[in-house]
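The next block holds one structure in the form of structure tokens; read it before the comments.
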Amino acid sequence: MNYTITYYSESVQESVESLPKTLQAHYLNLTDRMVSYGAYLGEPHTKALGNGLFELRLKGSEGIARVFYCTLVNRRIMMLHSFVKKTQKIPLRELRIAESRLKEIKNANT
């Protein structure tokens, strides 16, 4: 049974679709694997950040990007937020956006 990938909002989907081409290709490759094998592909592709939040780690010739996501019942994976990374650490602002959306999703599903 396969997993389904959904997006927190249309703007999140548009953000992912507007990533530079090599990052977008990497995203499509990894999400195809996630549909077949599940949300956690292991490092260096995915990383658990705690409290149900994960990051999809994209790297290409045009840079580095991250897509935060969570898992939901019925084999659903929800993409919460994406950004192109410019520093070594995850910017706190980007992490807070993903955490806020995760909290909203958890509260809606209880």
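Just so you know, all these numbers are worked out from the coordinates, no wet-lab data involved. Small disclaimer: the values here were computed from a predicted structure and weren't measured. Cβ sites come from the backbone with ideal geometry, for glycine too, and all protein chains shown count toward neighbours.
The table that follows gives values for the structure above.
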| read-out | value |
| --- | --- |
| 10 Å Cβ shell holding at most 10 others, DSSP loop, trypsin sites (Lys or Arg not before Pro): longest site-free stretch of the chain | 1-85 |
| Calculated P(r) tail over 14 Å for region 1-49, as whole % of Cα pairs | 58 |
| Mean ellipticity per residue at 222 nm, deg cm²/dmol - from DSSP H runs of n ≥ 4 across the chain, formula -39500 (n - 2.57) | -12500 deg cm²/dmol |
| Candidates ALA65, ALA39, ALA25: whichever shows maximal mean-square fluctuation once the chain is modelled as a Gaussian network with Cα springs under 10 Å | ALA25 |
| Cross-link pairs beyond the 18 Å C-alpha cut-off, checked among LYS59/LYS86; LYS59/LYS85; LYS21/LYS59; LYS21/LYS89; LYS47/LYS85 | LYS21/LYS89 |
| Choice from THR31, THR46, THR22 showing the highest fluctuation, given a GNM over the chain with Cα pairs closer than 10 Å | THR22 |
| The chain: projected area of the alpha-carbon convex hull, averaged over directions, in nm² | 6.6 |
| Net charge contributed by nearby residues that have their C-beta within less than 15 Å of ALA48 (K/R +1, D/E -1) | 0 |
| Highest-MSF residue in the chain out of ILE64, ILE90, ILE77 [GNM, Cα springs under 10 Å] | ILE90 |
| Cα-projected label distance for ARG75 with SER11, points at 7 Å along beta-carbon direction, nm | 3.2 |
| Dimensionless Rg ratio for region 45-110, taking C-alpha atoms and the 2.2 N^0.38 Å reference | 1.13 |
| 13 Å beta-carbon shell around THR4, net charge (K/R +1, D/E -1) | +1 |
